[in-house]
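Presented below is the structure to which this report refers.
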Amino acid sequence: MGDRQYHLKLGGNAAASVDEYLEYKRIVGNDDGGKTFTPEEYEAYKKKVIPQRLKNRLFTSWTNSQGMDCKQIGPETPCFCQHRYKQHKTDFERVPDERPILLPCQVKGCRCISFHYVPLMGSTSVRCTCKHPADEHSPAKPFQCQKKICQSCSGFKSSYTCGCGLSYGDHSMVVETKEEREGRSHPVGMDSPYQAMGGLTGFSSLAEGYMRLDPSGRGAPSNEFLSQEITSSDHAFLKAAVPSIQAHRRADKDEDMAERMSQLRRPGESEMDYYERRYQERVRIFRQ
């Protein structure tokens, strides 16, 4: 097999075909049962599902007790049952009235009744206090250990500490509608026709909560924090930039003073001369 060589020749529209297929998979997912829809079936599917998806999108996140979304759930995020978020029920013709909203796994034979995120340490899930990983526990609450030798585990509990500083037990799954998420003042992003987008609202959603500067994370730093002086304990990059930062601040002050002086009418200057002078100043600035 290692000696064989394959030469593939792709037409000029090959890249466009790949993009179209990826778009198809993002919209349809596994709803086609493994058999690609015909163009007519695809159009009928989009006409039925996309309006419903835009109206009833559910935002899913792993949230700490202080309201920070530490993990925004996306299509490929693994569940406690080891299946992906996109393999769970995420499309509803009508959003259930009961809370919490359950997102059962749709993989045949899986006993998972609702998506439940479990943090990863590298490529493996965190371990329970019984010393066994999550995939050796039942996918149904209270997630008891399935190892025969483990008799003391009453349910999955972990000593894991999130980047936000709180423990695993101080987090819970939040599944909410657009209106409920806006009520928490968290971003909802743009409407998306894609399946199982969960809590993803932009590129920043891929970062952990304590690193995000939007309202769903730690929030934007204060002006006092951004304006504080650079000290010897700061990062070397900041210390190296001190001269340029100081020069920039001086330039800002000089420009501000020059602008204030230019706004004043000069002795003997008519109104038309004043506006002409201001116009010419703006032209010079634009050309620079």
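Listed highest first by mean packing, meaning other Cβ atoms within 10 Å per residue, what order do 212-220, 16-24 come in?
Values: 212-220: 16.9, 16-24: 11.3.
Packing proxy ranking, top to bottom: 212-220, 16-24.
Report Rg (one decimal) and Dmax (nearest whole number) for the chain, counting Cα atoms only, units Å.
Expressed in Å, the Cα Rg and Dmax of the chain come to 28.0, 98.
Answer rounded, prolate or oblate for the range 126-247, using the Cα gyration tensor with square roots of eigenvalues a ≥ b ≥ c: rounded when a/c is under 1.5, else prolate when a/b is larger than b/c, else oblate.
Values: a/c = 3.23, a/b = 1.64, b/c = 1.96.
It is oblate, given that a/c is not under 1.5 and a/b is not larger than b/c.
Rounded to the nearest 20 Debye, what is the dipole magnitude of the chain about its Cα centre when Lys and Arg each give +1 and Asp and Glu each give -1 at the C-beta? Mind dumping the intermediate values first?
Working: 42 positive and 38 negative charges, 188 e Å.
About 900 debye.
Taking H as built 1.01 Å from N, whose amide H comes closer than 5 Å to the amide H of residue 88, not counting residues under 5 places away?
Distant-sequence amide H within range of residue 88: 106.
Under a GNM of the chain (C-alpha, springs under 10 Å), which listed residue has the highest mean-square fluctuation: 35, 71, 131?
Highest fluctuation among the options: 35.
Using modelled backbone amide H atoms (1.01 Å from N, in-plane), which distant-in-sequence or interchain residues come within less than 5 Å of residue 130's amide H?
157
Calculate for the chain the 222 nm mean residue ellipticity that helices alone would give, adding -39,500 (n - 2.57) per DSSP H run of length 4 or more and normalising by residue count, nearest 500 deg cm²/dmol.
Values: 7 runs with 86 residues, N = 288.
The helix-only estimate for the chain comes to -9500 deg cm²/dmol at 222 nm.
Give me, ordered by chain and number, the residues 5 or more places off residue 101 or on other chains with an amide H under 5 Å from its own placed amide H.
When sequence neighbours closer than 5 places are left aside, the close amide H contacts are 175.
Give the calculated FRET efficiency between residue 135 and residue 247 to the nearest 0.05, with a Förster radius of 45 Å applied to their Cβ-Cβ distance. Spell out each step's value before the answer.
On the way: r = 56 Å, r/R0 = 1.25.
Step by step, r from the Cβ atoms, then E = 0.20.
At a 1.4 Å probe radius, carbon and sulfur cover how many percent of the accessible area of the range 77-170? Kindly include the intermediate steps, with their values, before the conclusion.
Values: 2720 of 5530 Å².
After summing per-atom areas, the C and S share lands at 49 percent.
Defining a contact as two alpha carbons under 8 Å apart and six or more residues distant in sequence, what relative contact order in percent does the chain show?
Numbers: 335 pairs, mean separation 54.1, N = 288.
Worked out over the chain, it gives 19 percent.
For the chain, with a Gaussian network of springs between Cα atoms less than 10 Å apart, report the residue from 149, 101, 230 with the top mean-square fluctuation.
Greatest mean-square fluctuation among the candidates belongs to 230.
Between residue 231 and residue 185, take the C-beta separation as r, use R0 = 51 Å, and let me know the FRET efficiency to the nearest 0.05. If you can, show how the numbers build up before the last one.
Values: r = 33 Å, r/R0 = 0.66.
With a Förster radius of 51 Å, E is 0.95.
Could you go through the range 267-283 in sequence order and give the Karplus-derived ³J(HN,Hα) for each residue, using 6.51 cos²θ - 1.76 cosθ + 1.60 with θ = phi - 60°, rounded to whole Hz, and x for Gly and Pro?
x, x, 8, 6, 5, 5, 5, 4, 5, 5, 4, 5, 5, 5, 5, 5, 4
Report the gain in length on full extension from residue 13 to residue 154: 0.36 nm times residue separation, minus Cα-Cα distance, nm rounded to one decimal. The partial results should precede the final answer.
Details: separation 141, 0.36 × 141 = 50.76 nm, distance 5.68 nm.
My answer for the length gained is 45.1 nm.
In a shell of Cβ-Cβ distance under 15 Å around residue 10, excluding residue 10 itself, what net charge do Lys and Arg (+1) and Asp and Glu (-1) give?
So the environment of residue 10 carries a net charge of -1.
Quick one: grab the alpha carbon gyration tensor of the range 1-137, order the square roots of its eigenvalues as a ≥ b ≥ c, and give me rounded if a/c is under 1.5, else prolate or oblate depending on whether a/b is larger than b/c. Don't skip to the end; give the middle numbers.
Details: a/c = 2.25, a/b = 1.29, b/c = 1.75.
Note, shape of the range 1-137 comes out oblate.
The values are calculated or read from the model by the stated rules, or taken from the named source; none is laboratory data. Since we're looking at a predicted model, the values are computed, not measured. Cβ: placed from backbone, ideal geometry, glycine included. Neighbour counts: every protein chain shown. Heavy atoms of the whole protein, side chains included, go into the accessibility calculation; ligands, DNA and RNA do not. Shrake-Rupley method; radii C 1.70, N 1.55, O 1.52, S 1.80 Å.
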